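This report concerns only the one structure given below.
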Amino acid sequence: MGAVRQVRSGLHWKVSGLVRLIDLHTHTNESDGSCSPRQLIEAAECAGVDALGITDHDTFAGYDQAFEAARSAGVTLVCGIELSTRLYGHSAHLLGYFPLGDGLKDFREWIGDMQASRRERNVRLAARLRELGFDIRVEEAEALGRGMTGRPHFARIMVEKGYVANFRQAFDEYLDESAKAYVYRREPSFAEGVAKIRAAGGVASLAHPTRVKGDVPALLPELCAAGLNAIEAYHSDHSARETELYLGLARRHGLKVTGGSDFHGDMKPEVRLGSGCAGNLNIPREVLEQLRQA
Ligand code: AMP
Ligand code: FE
Ligand code: FE
Ligand code: ZN
């Protein structure tokens, strides 16, 4: 890697010189990131990221819109998604990668069904909040959350309207699974998510394993039996020791390795595209090659 010179220019750090990074875990404003798909491609160019995976939560909308911009910029775009699934009663995130980016008709339909059930849950959630005396309509939440509208957007509205003192109170008293405005939403099980990704020809990778509730080394045999075939060893949350731990588990279980910053733009400003938190991320390029050999 050659000399890197960073020049502060507006919001971006312009990079000149030879820097070639990869980043396979990023979000646009089609889920909970702050950059539009085009802005994300620009940010990738500025950061020296020449292979970018867009992994919005439960949607390909950001990937689809970034496609042309990536092509003109010469950025290799990897089609990805981050699914919210249930694993032993807790939420677990599962990354899906589709290096070819096509042949996903059935998978896209399945995601479409989940989006419909999310929308339908949001309508019931708004009704429940009105029942409790709050003036909140589903359209207000959707204006904030677009295709990924969820409880955090309702929480923000409750704070803005002064119904609660803060986000924490909105969840603790109303929106948490144990709280009084909670309404059920169907979420796929982890095994179902893995099966759908694999059936569509994708690579299924356990996202940011440090955030999984439960003992990952102990759970892995079962997750692998369900078809999991990769693990996100490189992530902005991981210490060097944790990365080593997950690389070791990948070797032991014959899993591919994936990695990414989990960039969300201004939503998580400490996380930088391609390089993570204070440069703690350095994803080897062979990760991308392995993914393409899937
Ligand atoms: P949804 O997908 O609409 O059901 O919302 C799930 C999101 O809400 C999660 O990804 C978290 O960001 C947030 N969330 C869920 N439970 C809590 C909680 N108890 N406190 C704070 N945020 C939460
Ligand atoms: Fe996110
Ligand atoms: Fe995640
Ligand atoms: Zn993510």
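For this structure, a couple of remarks:
- One residue stands out among those in the range 11-50 that are modelled with pLDDT under 80 and within 30 Å of residue 141 (Cα to Cα): the one that is surrounded by the most Cβ atoms within 10 Å (Cβ to Cβ), which is 12.
- Restricting the search to helices (runs of 4 or more DSSP H) fully inside the range 181-285 and requiring at least 1 residues that are within 16 Å of ligand 1 (Cβ to nearest atom), crowded, with 24+ Cβ neighbours inside 10 Å and not charged (D, E, K, R) gives 190-199.
- Of the residues examined, residue 92 is one that is outside any helix (DSSP H, G or I), among the aliphatic types (A, V, I, L, M) and in contact with a helix residue (DSSP H, G or I) (Cβ under 8 Å, 6 or more places away or on another chain).
- Each residue in the range 68-87 was checked for being more than 16 Å from ligand 1 (Cβ to nearest atom) and touching a residue at least 24 places away in the same chain (Cβ under 8 Å), and 10 pass.
- Annotation note: of 272, 241, 292, the sole residue that is within 18 Å of the chain's Cα centre (by Cα) and among the basic types (Lys, Arg) is 272.
- Flag if residue 139 is modelled with pLDDT of 95 or more, on the phi < 0 side of the Ramachandran plot and within 16 Å of ligand 4 (Cβ to nearest atom): no
- Within the range 59-99, tally of residues that are acidic (Asp, Glu) and either crowded, with 19+ Cβ neighbours inside 10 Å or touching a strand residue (DSSP E or B) at 6+ places or on another chain (Cβ under 6 Å) (or both): 1
- Lone unmet requirement of (1) away from ligand 3 (no atom under 16 Å from the Cβ); (2) in contact with a helix residue (DSSP H, G or I) (Cβ under 9 Å, 6 or more places away or on another chain) for residue 177: (2)
- Scanning the range 115-157 for residues that are more than 21 Å from residue 172 (Cα to Cα) and β-branched (Val, Ile, Thr) yields no hits at all.
- Residues of the range 100-109 satisfying the condition of being surrounded by fewer than 17 Cβ atoms within 10 Å (Cβ to Cβ) and either in contact (Cβ under 8 Å) with a residue 40 or more places away in the chain or not in a helix (DSSP H, G or I) (or both): 100, 101, 102, 103, 106, 108
The values are calculated or read from the model by the stated rules, or taken from the named source; none is laboratory data. No experiment lies behind these values; they were computed from the predicted model shown. Here the Cβ is made from the backbone with ideal geometry for all residues, glycine too, and neighbour counts use every protein chain on show.
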